[in-house]
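To start, the structure under review is shown below, and the notes come after it.
The values are calculated or read from the model by the stated rules, or taken from the named source; none is laboratory data. A quick note: this is a predicted structure, and the numbers were derived from the prediction, not measured. Glycine also receives a Cβ, built like all others from the backbone with ideal geometry; neighbour counts cover every protein chain displayed.
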Amino acid sequence: MENIAGKGLTSKGPPNLMNDLDYKSWMKFQKSFFRFSDLDSLLSDNILFFTKNQWSDGTFSRVLILENQKVYSPRSEYGSRDIHRLASFKSVNDIIDILRTESHSDRRYDFIFLDFRGILTDRPDACSFVETHSGAFSKLLREILKPEKYAGVLVDFQGEPSTAFPTPWLFALACRRYLRLRDEKIALVDSQQLPDANGAGTNQKERVVTGDTDYQNLYHLIFLQARDDERKPLEPKHEYIRMAKNPPSIPAWLIVRSPPRKKDEKHHPAKFPEPLIEHFIETFTEPGETVFDPMAGTGSALTAAARLGRNAVGMDIVQEFVDVARRRLAVWNPKPLEDWLASDDKNRCPRPKTEVLQGDATGLSSDKRLGGRTFEYCITSPPYWSVLKSHGSEYQKSRRDEALLQYYSDDPRDLGNIEDYDRFMGTLQNVYNQVAEKLRSNGHLTVIVKNVKREQVVYPIAWDLVLLLTGEYGKYDYVGNTLWCQDDLKIRPFALGIYWTSNILHHFCIHLRKRSQH
């Protein structure tokens, strides 16, 4: 990771109350995912971002580093920062003992970095942390942090993170008991094959870059702040997530270059790229099978399915989007039969059948048009709560300037119009439980969604959804997750110089399997 040392914000931004970085260096830290070359540089960038060398009261920043594997090495750019390094722990109990000793001292820290790699080594460890250790851990961590200051915790996966038990998610949610969950960043393995800003290094036809096979170099960096969280912590329960047996091979992460959007497609506020969808359709279906999308928008999943020789059925509550989807599918659906049969594609199947319905996804079970129909696969992306109705964002302003929709609709049945978060999540759970009724035995569901933030509070839609759908009484088993990382979006200077909130540029592509009834 490129070092981000600087000399304080220039006239391009407000006074810098957080660190000594200039505007350009601050912006490098705004992305919610990043590539790193070594963990020492990762640590260095965090120290320089979350501390000043010297505060306005004349004191120097105090930093605590807890590492069970060597990360830290002194650097000249740390200046007069008072850095304490402790490296003698092998378990969560050891970490708690260290934090307890620190709490009995007079030392309080401006930033704490904890290296949890190899500590939560499997599912039992993760569940034990939630049930036994998370309260003491988060309480002690808050005690030794100065008010409002941050801790960064590096949490890894055991095995391939795409199909591993999602330990980082449970860790982050459990720590909300005494700390505010402020953010999450994804650390991707450094690789020369990744694209530059102009797309060099990508397959231009597919526009997809797949994650490196060195899965041990993918980490979640969880950021916690010494203040109360407005959301409840994860409560202990019998079974958090039921895992699917023998999951298919899926990538840990993908970087996808979105193709240019046509005029009518552009009217939809949140279209996802077809190359991303095609990757998953090819993973979970065979030619001739049927793909379903209950919140189809302008039909991206449906056109991707038809292009790959799969049948496609979609539904959307907004008639305008249904009309766009039907126009797009018209390119594929009426293809002359003789042209289709003349294809030399070895995987040729009967030409795909496509259908787009106008309707409410919350009423799938009672929709007579679907009748007794079943599907092999469902891939969809719901509204990300009511975030599109947040006023004042640059994104909304730019869409207003182009006379484009800023949100999906004014229909009260539209999930994007539900203001209460818990009601939104319950409605979403109900939709996907109805989808399970339409899936064939062992059918799969992929939900593309991301966590969101409001007023410095993280609402982890992706993580909460997995807990709701794959718990003890859920209708699905957890197959795994693919991170969709967006590397071609403009970075926005949220709260520049005042406090930190990242640009969330990674989505969770959550893969689930319909649970067997026995």
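Does any residue in the stretch 93-110 that is under 21 Å from residue 133 (Cβ atoms) come within less than 9 Å, Cβ to Cβ, of a residue that is exposed (fewer than 15 other Cβ atoms within 10 Å of the Cβ) and of a type in the set (S, T, N, Q) six or more places away or on a different chain, and which pairs are these?
Correct list of pairs: 94/88; 98/88.
If you take the residues of the stretch 463-473 that are touching a Leu at 6+ places or on another chain (Cβ under 7 Å) and not β-branched (Val, Ile, Thr), which of them is farthest from residue 273 (Cα to Cα)?
469
Among the residues of the stretch 48-92, write down those that are of a type in the set (Lys, Arg) and more than 30 Å from residue 131 (Cα to Cα).
52, 62, 75, 81
From 452, 447, grab the single residue that is among the β-branched types (Val, Ile, Thr), modelled with pLDDT under 95 and within 18 Å of the chain's Cα centre (by Cα).
452
Here is a yes/no grid of residues against (1) among the charged types (D, E, K, R); (2) modelled with pLDDT under 95:
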{"residue": "141", "(1), (2)": "no, no"}
{"residue": "146", "(1), (2)": "yes, no"}
{"residue": "149", "(1), (2)": "yes, no"}
{"residue": "157", "(1), (2)": "no, yes"}
{"residue": "163", "(1), (2)": "no, yes"}
{"residue": "171", "(1), (2)": "no, no"}
{"residue": "174", "(1), (2)": "no, no"}
{"residue": "190", "(1), (2)": "yes, yes"}
{"residue": "207", "(1), (2)": "yes, yes"}
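Is it fair to say residue 167 is among the hydroxyl-bearing types (Ser, Thr, Tyr) and buried (at least 20 other Cβ atoms within 10 Å of the Cβ)?
Considered against the rule, which asks whether it is among the hydroxyl-bearing types (Ser, Thr, Tyr) and buried (at least 20 other Cβ atoms within 10 Å of the Cβ), residue 167 comes out as yes.
Provide a single number: the residues in the stretch 52-78 that are of a type in the set (Ser, Thr, Tyr) and modelled with pLDDT under 95.
Result for the stretch 52-78: 4.
Any residue in the stretch 160-173 that is touching a residue at least 60 places away in the same chain (Cβ under 8 Å) and in contact with a Cys (Cβ under 8 Å, 6 or more places away or on another chain)?
Yes, the stretch 160-173 contains a residue that is touching a residue at least 60 places away in the same chain (Cβ under 8 Å) and in contact with a Cys (Cβ under 8 Å, 6 or more places away or on another chain).
In the set 290, 303, 298, which member is touching a Leu at 6+ places or on another chain (Cβ under 9 Å) and of a type in the set (S, T, N, Q)?
303
Report whether or not residue 25 is free of Cβ contacts under 8 Å to residues at least 24 places away in the same chain, crowded, with 18+ Cβ neighbours inside 10 Å and closer than 30 Å to residue 452 by Cβ.
In short, yes.
Yes/no matrix, rows are residues, columns are (1) farther than 20 Å from residue 513 by Cβ; (2) of a type outside the set (Val, Ile, Thr); (3) touching a Pro at 6+ places or on another chain (Cβ under 6 Å):
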| site | (1), (2), (3) |
| --- | --- |
| 280 | no, yes, no |
| 285 | no, no, no |
| 290 | no, no, no |
| 293 | no, yes, no |
| 297 | yes, yes, no |
| 316 | yes, yes, no |
| 321 | yes, yes, no |
| 324 | yes, no, no |
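Among the residues in the stretch 404-425, are any in a loop (DSSP other than H, G, I, E, B), small (Gly, Ala, Ser) and either surrounded by 22 or more Cβ atoms within 10 Å (Cβ to Cβ) or modelled with pLDDT under 95 (or both)?
Within the stretch 404-425 (the criterion being in a loop (DSSP other than H, G, I, E, B), small (Gly, Ala, Ser) and either surrounded by 22 or more Cβ atoms within 10 Å (Cβ to Cβ) or modelled with pLDDT under 95 (or both)), the answer is yes, since at least one residue qualifies.
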